[in-house]
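Just so it is clear, none of the values below were taken in a lab; they were calculated from the coordinates. Source: prediction; values computed, not measured. Glycine also receives a Cβ, built like all others from the backbone with ideal geometry; neighbour counts cover every protein chain displayed.
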Amino acid sequence: MAADASWANILVMRNPDGSLDTFRQEETVALLTDEQIDAIRPFAEELEIPADQLVLREGQTELDFLVVLRGGIEFSATDSFGKKNIPVVRLPERSFTGDLSFFTNTPLVGDGRTTGATRILRVRHSDFRRLLSAEPDLAAVILRAFVLRQGFKFRHGVGAVVLIGKANDPDILKLRIFLSRSDYPHNLIEPDAKDENGKPRFESFGVGIADLPIAVIQGKRVLRRPSVFELASELGFLEKLPSEHVYDLAIVGSGPAGLAAAVYGASEGLDTLVIEGTALGGQAGASRRIENYLGFPAGISGVELTSRAVSQARKFGARTATPYRIEALEPGTDRHLVRLEEGNEISAGAVLLAVRAVTAVKTDAPVPASASARSPVQSSGHR
């Protein structure tokens with residue numbers, strides 16, 4: 001980055017009052033040292049990209065990790081109604097692409113284009129976790145930026161879902177709770193809101209009052225009276241769960257206990273899946289402030305604790321499946337079957353129940369009241 005370059009030239013998105021968003025900008029758009037870039041090279045290929053070339057595309061998943069060596073990449077996204085292209089961020093030399101969607105594989109909400117002739121390092125998606133594991137100090141810089149960028153998107157509504165319906169509608173409340181606890185930006189518009197022509201705004205999406213509530217995704221896709229499951233599916237949250245695959249460890253529940261187990265299991269090389277029926281974080285994820293959690297003497301919000309824990313688990317390769325509700329648990333001899341809603345099912349060598357109560361889970365075999373360390377079906381709770 002040139003010595004006279006200012007953050008105003010890098011961070012394009014501004015606050016509602018027009019001021020520059022300056023929240024921890026040196027970490028949000030972190031600039032890598034020569035040593036850090038050299039550590040990436042064994043995992044990457046070096047490419048020369050022409051000016052105004054699309055390098056990352058809206059809707060893309062399984063993203064590659066790009067480091068800018070020369071030139072720059074600018075990201076832009078359409079507004080919530082799909083009508084206006086808004087510049088989001090300009091990444092200069094020594095910076096890198098990505099946010100937490102790298103781990104969730106949710107579709108990219110904007111396009112990334114080169115601002116001029118640009119040289120990059122490209123780490124394939126399949127090699128990205130190997131890089132993080134091999135270079136823990138570098139991983140800390142990357143993950144910190146990913147978390148901050150997710151917050152940046154949330155504050156500015158980048159890629160926001162538009163919900164149209166009454167604020168006190170139970171269906172709207174369920175959708176808003178899921179999106180908020182999933183750290184996904186969204187806006188709520190009341191049914192009587194008018195567009196620039198004085199007509200009800202929802203009519204511009206080709207729906208009537210009987211179709212409400214609706215969810216509008218990137219101004220293009222309209223869901224009529226969607227369930228949380230349908231909305232999550234459309235946003236790309238749902239992990240593909242091949243029924244023939246056998247996980248080493250399936251964890252039911254994603255509160256602090258479940259996420260801690262995911263970190264420990266995945267870090268030891270276990271093929272780990274976390275299953276959650278609502279939103280990651282469990283009840284703790286909805287807490288405004290947690291004062292009694294180990295390692296945070298000043299307290300931490302439930303959303304931030306969840307975000308950090310999920311990022312840590314995904315760093316080690318743990319996968320998450322949400323919102324999947326469990327319908328039955330069938331213990332077996334060498335593998336155990338977990339039946340989920342919508343006809344999905346998964347098999348695992350061990351199942352850990354990290355939930356407040358397990359009475360709602362139907363099993364075809366008794367679950368021990370006090371499971372031993374050898375038991376394939378274990379119960380763990382948090383309060």
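Through the Karplus equation 6.51 cos²θ - 1.76 cosθ + 1.60, θ set to phi - 60°, convert the phi angles of segment 260-265 into ³J(HN,Hα) values in whole Hz; use x for Gly and Pro.
4, 4, 5, 4, 5, x
In whole Å, what is the distance between the alpha-carbon centres of segment 185-200 and segment 273-338?
Centre-to-centre distance over Cα atoms comes out at 35 Å.
Measure of size requested: the Rg and Dmax of the chain, with Cα atoms as the atom set and Å as the unit; please supply both.
That works out to 22.1, 69 Å for Rg and Dmax.
Once amide H atoms are built 1.01 Å from N in the peptide plane, which residues 5 or more positions from Thr78, or in another chain, come under 5 Å H to H?
Ile86
Scan around Gly110 for amide H atoms under 5 Å from its own, H built in the peptide plane at 1.01 Å from N, and keep only partners 5 or more places away or cross-chain.
Under 5 Å from the amide H of Gly110 lie the amide H atoms of Gly59, each far enough along the sequence or on another chain.
Have a look at Phe316, Phe296, Phe229 and tell me which one the Gaussian network model of the chain (Cα, springs below 10 Å) gives the largest fluctuation.
Phe296
Let me spell out the model: positive unit charges on the Cβ of Lys and Arg, negative unit charges on the Cβ of Asp and Glu, origin at the Cα centre of segment 161-227. What dipole size does that give, in debye rounded to 20?
The dipole magnitude comes to about 220 debye.
How big is D for segment 161-227, in µm² s⁻¹ as a whole number, if Stokes-Einstein is applied with the Kirkwood radius of its Cα pairs at 4 °C and 1.567 mPa s?
So the translational diffusion coefficient is about 108 µm²/s.
Could you pull out every residue, at least 5 positions away or on a different chain, whose amide H is within less than 5 Å of the one on Val355? Hs are placed 1.01 Å off N in the peptide plane, and Pro or chain starts have none.
Ser380
In whole Hz and in residue order, list the ³J(HN,Hα) couplings for segment 62-77 that follow from phi through the Karplus curve 6.51 cos²θ - 1.76 cosθ + 1.60, θ = phi - 60°; x for Gly and Pro.
Ordered by residue, 3J(HN,Hα) equals 6, 6, 7, 9, 10, 10, 7, 8, 8, x, x, 10, 10, 9, 9, 9 Hz.
Averaging the inverse of every distinct alpha carbon separation and then flipping it gives the Kirkwood radius. What is it for segment 118-231, in angstrom units?
16.6 Å
What net charge do the residues around Gly72 carry, taking every other residue with its C-beta under 10 Å from that of Gly72, with Lys and Arg at +1 and Asp and Glu at -1?
+1
Note down the magnitude of the dipole of segment 205-290 about its Cα centre, charges +1 on Lys and Arg C-beta and -1 on Asp and Glu C-beta and zero elsewhere, to the nearest 20 debye.
580 debye
Mind listing the phi-derived Karplus ³J(HN,Hα) values for segment 56-61, rounded to whole Hz, using 6.51, -1.76 and 1.60 with θ = phi - 60°, and x for any glycine or proline?
Each residue of segment 56-61 in turn: 9, 10, 3, x, 5, 10 Hz.
Return the calculated 222 nm mean residue ellipticity for the chain, to the nearest 500 deg cm²/dmol, obtained by summing -39500 (n - 2.57) across DSSP H runs with n ≥ 4 and dividing by the residue count.
Calculated from helices alone, the mean residue ellipticity at 222 nm is -7000 deg cm²/dmol.
Over segment 71-178, what portion of Cα pair distances is larger than 24 Å, expressed as a whole percent?
Result for the distance tail: 37 percent.
When only C-alpha pairs under 8 Å and at least 6 residues apart count, what is the relative contact order of the chain, in percent?
13 percent
Which whole-number percent gives the relative contact order of segment 161-227, counting Cα pairs below 8 Å spaced six or more residues apart?
Normalised by residue count, the contact order of segment 161-227 is 37 percent.
Under a 10 Å cutoff between Cα atoms, tell me which one of Ser182, Ser254, Ser133 has the largest fluctuation in the Gaussian network model of the chain.
Ser133
Please give the length that would be gained between Ser233 and Glu27 if that part of the chain were fully extended, namely 0.36 nm times their separation in residues minus their C-alpha to C-alpha distance (nm, one decimal).
Value of the extension gain: 71.0 nm.
Counting other C-beta atoms within 10 Å, and keeping those with at most 11, which DSSP coil GluC sites (Glu not before Pro) do you find in segment 230-269?
Those satisfying the criteria are Glu244, Glu268.
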